[in-house]
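Notes follow the structure.
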Amino acid sequence: MTDRRTLVLTGASRGIGHATVKRFSDEGWRILTCSREDIPEHCKRDPNWTKHFVTDLALPASTDAFVAAALETLNGAPVHALINNAAISPKTEFKERLGCLNGDLDSWRDVFELNFFAPLALSRGFAESLAKGARSLGPKQGGASVVNITSIAGHAIHPFAGSAYSTSKSALSALTRELAVDFADLGVRVNAVAPGEIATDMIGDEYEPLITRIPLHRMGTPEEVAATVYRLCTADFAYVTGAEIFVTGGQHLF
């Protein structure tokens with residue numbers, strides 16, 4: 001299909017990233033992804049999943065190499081959506097939260113390199129391809145989109161998310177607003193999705209008490225986050241940019 005849209009997504013091997021790939025694939029999008037790990041074999045049989053790159057976006061040179069390899073794979077084709085999903089949240093070996101007084105500064109730099117600088121570098125690296133995608137659709141079809149995956153932890157102290165992670169996500173929220181202004185003339189909308197407590201493999205029993213803080217009285221699913229991300233990339237949100245949507249079951253209200 002010559003009118004098929006193309007998605008580039010980071011952190012695709014599990015959780016929210018994997019669910020988002022499935023949602024876009026179900027909608028017929030062409031998909032290019034990266035993560036530190038390879039994807040499951042059955043995913044490689046997905047005809048829409050065009051290419052996966054094993055990449056460490058915490059290393060600037062690796063980020064640049066991913067952009068170059070993805071653009072080579074695209075061979076001049078436009079990009080219609082970039083989803084910056086990859087992130088890390090270091091903890092001690094006992095899963096203890098790392099605050100401002102414990103943990104070394106090099107770990108903070110690693111967190112910011114992946115959680116903040118990689119989304120900036122990728123947005124810049126794919127800017128021309130996104131602008132081409134925006135022109136191919138036009139503003140009434142939503143143009144092209146960048147969606148940054150932030151976090152509820154970027155807006156309030158979280159009992160399990162470390163300080164480096166939380167502040168990097170807060171910075172990513174601010175970056176979303178800045179990108180929205182700078183990319184608007186390209187026809188590219190930039191928004192963020194801030195998940196709350198989402199039931200992924202990273203969630204343990206220690207999260208159960210947090211459900212009492214959630215007005216909807218349950219954790220969310222990766223598919224619910226993926227659905228929000230997908231809709232942001234469609235004509236339904238053609239006049240929305242610089243926004244951050246909370247997928248928290250209402251938890252962010254407290």
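Mind listing whichever residues of the range 118-151 are farther than 17 Å from Val8 by Cα, part of a helix (DSSP H, G or I) and at pLDDT 95 or above? Matches in the range 118-151: Arg135 only. Every condition in (1) outside any helix (DSSP H, G or I); (2) without any contact (Cβ under 8 Å) to a residue 60 or more places away in the chain; (3) within 21 Å of Gly15 (Cβ to Cβ) holds for Pro215 except the one numbered (3).
Selection within the range 32-54: residues that are under 25 Å from Asn115 (Cβ atoms) and either among the basic types (Lys, Arg) or touching a Ser or Thr at 6+ places or on another chain (Cβ under 6 Å) (or both). The member of this set that is modelled with the lowest pLDDT is Ile39.
Here Val111 does not fit the description of being touching a Leu at 6+ places or on another chain (Cβ under 9 Å) and in contact (Cβ under 8 Å) with a residue 12 or more places away in the chain. Taking the criterion of being crowded, with 17+ Cβ neighbours inside 10 Å, touching a residue at least 60 places away in the same chain (Cβ under 8 Å) and assigned to a loop (DSSP other than H, G, I, E, B), the residues of the range 4-61 that qualify are Arg5, Gly11, Ala12, Leu57, Ala58. Residues of the range 242-251 include none that is within 19 Å of Gly133 (Cα to Cα), surrounded by 18 or more Cβ atoms within 10 Å (Cβ to Cβ) and at pLDDT 90 or above. Restricting to the range 185-209, and then to whatever is surrounded by fewer than 18 Cβ atoms within 10 Å (Cβ to Cβ) and either under 19 Å from Val229 (Cα atoms) or aromatic (Phe, Trp, Tyr) (or both), can you tell me which residue is modelled with the highest pLDDT? Checked the range 185-209; the qualifying residue modelled with the highest pLDDT is Ala199.
The values are calculated or read from the model by the stated rules, or taken from the named source; none is laboratory data. Keep in mind that what you see is a predicted model, and the values were worked out from it rather than measured. Cβ atoms come from the backbone with ideal geometry, glycine included; neighbour counts cover every protein chain shown.
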